[in-house]
Amino acid sequence: MQGLTEKEFREIRELAYRSFGLDLRPGKEALVNARLARRVQELGLGSLSEYVEAVKADRTGEELERLINALTTNHTSFLREPQHFALLRETVLPPLRGRGGVRIWSAGCSTGEEPYTILFTAADVLGAERIGALELLATDISTRVLDTAKAGIYPRERLEGLPPGWAQRFFQKGEGRWEGSVRVKREWRARVEFRRLNLMQDFSHLPRFRVIFCRNVMIYFDKPTQERLVARFTDRLEPGGWFLIGHSEGLMGVRHELDYVKPAVYRKPSRSALGGGRSV
Ligand SMILES: C[S@@+](CC[C@H](N)C(=O)[O-])C[C@H]1O[C@@H](n2cnc3c(N)ncnc32)[C@H](O)[C@@H]1O
């Protein structure tokens, strides 16, 4: 396939922005071309314009999903950006020990390492008898990553650097053809509700959460999209609830109603602070 034309880039850009908020700035032409050329070929199409038409015509939404998978990364790991899990362990969870219905949402959970790390941290803090109080929702736009997350199977090396005892407590070792892999034990997998959700679509039907993780997802969105999304996340937080983003992200230039706590950590003002002075 030839390099993509200005018109083709514009078409892909509009489609990606409209469908999943992806902000493909001018300058990303080579990336788009490199990532989509193979798919265009596989489908036996002659150009990216034809590909855009094929995506639009596909009522199953599968091709659209392939498109987002091609243009974004699903990179993640257990205990990624460990400061957030230290915050959960030391500050967020201990006061909730006596409470029922502690809801946490991992939005843009990719292959599951993030929600499982949340779960294992909560199991440490709440203990086996109170872990039932945790309601953990994990969502992503991509069914491909969600399938991996639900299966909970990972190469054994991914466990390196995890707290002592986690491997034994939460994972089973693969044998035979699964040698070299580990799997999150069934009873722990069952504690996470994995669901497909495009963050560009309405989620006001969800309950309110104590903590929302949306890390390394908004990097793909432009400021107006981020602003609208942060407002919708804020609406889904309990008063005093926590909003966690990736450390390489920031809400600079995004208007929001959250209190800044420290890098990558924000908090919804508690009820008593609403209307009056703000406190963290
Ligand atoms: C880089 S991964 C981040 C995974 C994890 N949160 C972390 O920080 O390790 C970004 C994820 O965001 C998802 N994503 C991108 N756009 C999305 C959208 N509009 N709605 C829901 N998920 C989206 C991608 O499918 C991908 O799995």
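Only the coordinates and a few stated rules stand behind these numbers; no lab work does. Note that this is a predicted model, so its numbers are computed, not measured. Note that each Cβ is placed from the backbone with ideal geometry, even for glycine, and that neighbours are counted across all protein chains shown.
To the nearest 20 debye, what charge dipole does the chain have about its Cα centre, counting +1 at the Cβ of each Lys and Arg and -1 at the Cβ of each Asp and Glu? For this selection, approximately 840 debye.
Taking the centroid of alpha carbons for each part, the range 105-130 and the range 138-198 are 11 Å apart.
Quick check on the chain: helices-only [θ] at 222 nm, where DSSP H runs of length 4 and up contribute -39,500 (n - 2.57) each and the sum goes over total residues. Nearest 500, please. Let's see the in-between values first.
Values: 10 runs with 99 residues, N = 280.
Computed mean residue ellipticity for the chain: -10500 deg cm²/dmol.
DSSP assigns beta bridges within the chain; of those with both partners inside it, close to 40 percent run antiparallel. Projecting the Cα atoms of Phe9, Leu31, Gly46 onto the dipole axis of the range 6-71, where Lys and Arg carry +1 and Asp and Glu carry -1 at the beta carbon, places Leu31 farthest toward the positive end.
Here the dipole of the range 1-60 is about 180 debye; that uses its Cα centre as origin and unit charges on the Cβ of Lys and Arg (positive) and Asp and Glu (negative).
Cross-link pairs exceeding 29 Å in C-alpha to C-alpha distance, out of Lys223/Lys268; Lys7/Lys150; Lys7/Lys223, comprise Lys7/Lys150.
Determine the shape class of the chain: with a ≥ b ≥ c the square roots of the Cα gyration tensor eigenvalues, call it rounded for a/c under 1.5, and otherwise prolate if a/b is greater than b/c, oblate otherwise. Oblate shape, in that a/c is at least 1.5 and b/c is the bigger or equal ratio.
Among 58-68, 228-238, the peptide with the highest mean count of other Cβ atoms within 10 Å heads the list, and the full ranking is 228-238, 58-68. Rounded to the nearest 20, the Cβ-based charge dipole of the range 69-167 about its Cα centre (Lys and Arg +1, Asp and Glu -1) stands at 200 debye.
Overall, the anisotropy analysis places the range 32-75 in the oblate class: the square-rooted eigenvalues a ≥ b ≥ c of its C-alpha gyration tensor yield a/c not less than 1.5, with a/b not exceeding b/c.
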